[in-house]
Each structure stands twice: as C-alpha cells, then as structure tokens.
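This report concerns only the one structure given below.
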Amino acid sequence: MKTLRVLSGGAAQGLVEALRADFEAASGCRIDGTFGAVGAMRDRLLGGEPADLMILSRALIDGLARDGHVDAASARDIGVVETAVAVRTGDPTPPIDSAEQLRTALLAANAIHFPDPARATAGIHFAGVLSKLGLGDRLAARLRPAPNGAAAMRALAASKAARPIGCTQATEILSTPGIDLIGPLPAGCNLVTTYCCAIATRSAMAADAAQLAALLAGDPHRDLRRRLGFS
C-alpha cells in the first residue's frame, strides 16, 4: 500500500482520523499523519521532512505558498475553529461569557493547561489573553503548557489537581475523552482560525493528496466537520 504523508495542525486530527478509513479504502493509500502545533509542522516541512499534504492555518499556508513550498492553486479551506475553554468531565463549569468572568475562572484554577505558547495557534493567543487580563506573572506557577493542544487536553483529562482548566482549539477539546467544552473565549479575548489544506510542491502523490483534500474540505462532509468543531 502506498503511503500519503500528512503534516497537520492538531486542530484537524479528529477530522483526518474520522475520514481515514474511507480515504484508505478508496485510494489504496495509507495515511501517515503527524499532528502538532502548526508552527512546528511548518518548520518540519521547511527543514526538509517529506510531506504530501499540509493542513495548517490559512495564514501559514499562504506563507508557504508564497515561498513555493505548497501549491497555491491546491489550497482549500476546511473550516473555521474557535479557541475555547474546557474542564474535566464532571467538574463545575464556570461562566466565561465576559473577559471578567474568564479572569475569575482562571484565578480560581490551580492548573491551567494549554498548547505551546511559541508555535501553536491557540497557545500563542492564550498567552496573549493572559497578558491582556494581567494574569501572566500572577498565574505563572499554575501554567501547564504542552507541545500541542491534544497533549494539553489529555493532560487536563488526567489532571489530579483540584480545579484544573484548559484552553485550546474547540476541535481538540471535542475529540479528547474525559473533558467537556465550556464555550469559546469571550468577546475581546476570542480567536477564530481558518484551517486550510494544500499539496506540498515536492509531493510525488499530488493526485492522492488532492483526493484527501477533497474529502476534508468537500460538501459531503460538512455535517461531520460541524460535529467535530469546524464552522
């Protein structure tokens, strides 16, 4: 069986896994997917790692297309994802409808899980939210950054802390057992990110990559994308 290599932001992992069996049966290709912070996935491609399909934020795909690393004509938007807040299943759900309520919820937490504040879309943004709310230094000892959103949410689910909380892309929250999505970050703190796929210019399997892109972004799976956190 041929292998199609995918480098993807963690926000799209649940969608890729949901469509894996259909794609592999129809194409005869096995998906070899690597998922993580979008900046890390971009850096792996730029560092020479082989890839056929990239799934990143639209901003990063546009930059890779501009520099000739992905085929601009092949780029397809998958959907928009909100950055959201989660708690362990069964824990109380604090209100987060305003910036002040979010601030109160974060101050009440004794462990705060989120993705890489240097290379993950949600992590970079959440670090900025903490600074905006005047909490960066005050909560430093409670912060639990992880390499990517999926790892952060698994850590939240497994946390033994009394009052943990987490923040990452809604898609990563919805695909992690043991945690519940409270809601998106409130107005003034919110972030919506468009995720996009594009074929790597060095790919020798462009037709197969286009087939997977069509599954990920096409109308037949619009409802699936919504259930998984894309809009």
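In the range 88-109 there is at least one residue matching the filter, namely being among the β-branched types (Val, Ile, Thr), in a helix (DSSP H, G or I) and in the same structural domain as residue 138 (by TED's automatic domain parsing).
Checking 122, 198, 209 one by one, the residue that is in a helix (DSSP H, G or I), assigned by TED's automatic domain parsing to the domain that holds residue 54 and closer than 15 Å to residue 56 by Cβ is 209 and no other. Taking residue 154, is it of a type in the set (D, E, K, R) and either crowded, with 18+ Cβ neighbours inside 10 Å or part of a helix (DSSP H, G or I) (or both)? Criteria met by residue 154.
Rundown of residues vs (1) under 18 Å from residue 15 (Cα atoms); (2) without any contact (Cβ under 8 Å) to a residue 40 or more places away in the chain, yes/no style:
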| site | (1), (2) |
| --- | --- |
| 41 | yes, yes |
| 46 | no, yes |
| 57 | yes, no |
| 76 | yes, no |
| 79 | yes, no |
| 96 | no, no |
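Pull up the range 205-227, narrow it to residues that are in contact with a strand residue (DSSP E or B) (Cβ under 9 Å, 6 or more places away or on another chain) and closer than 30 Å to residue 98 by Cβ, then point me to the one that is surrounded by the most Cβ atoms within 10 Å (Cβ to Cβ). So the residue we want is 225.
Restricted to the range 1-77, the set of strands (runs of 3 or more DSSP E) holding at least 2 residues that are farther than 23 Å from residue 115 by Cβ comprises 2-9, 29-36.
Mind counting the residues in the range 187-204 that are crowded, with 18+ Cβ neighbours inside 10 Å and either under 22 Å from residue 111 (Cα atoms) or not aromatic (Phe, Trp, Tyr) (or both)? Step through it out loud before you land on a result.
First, pick out the residues of the range 187-204 that are crowded, with 18+ Cβ neighbours inside 10 Å: 189, 191, 193, 195-200, 203.
If we keep only those that are either under 22 Å from residue 111 (Cα atoms) or not aromatic (Phe, Trp, Tyr) (or both) as well, we get 189, 191, 193, 196-200, 203.
Residues in the range 187-204 being crowded, with 18+ Cβ neighbours inside 10 Å and either under 22 Å from residue 111 (Cα atoms) or not aromatic (Phe, Trp, Tyr) (or both): 9 in total.
The values are calculated or read from the model by the stated rules, or taken from the named source; none is laboratory data. In this text the structure is predicted, and so the values were computed from the model without any measurement. Methodologically, a virtual Cβ is constructed for each residue, glycine included, from the backbone with ideal geometry; neighbour enumeration extends over all protein chains shown.
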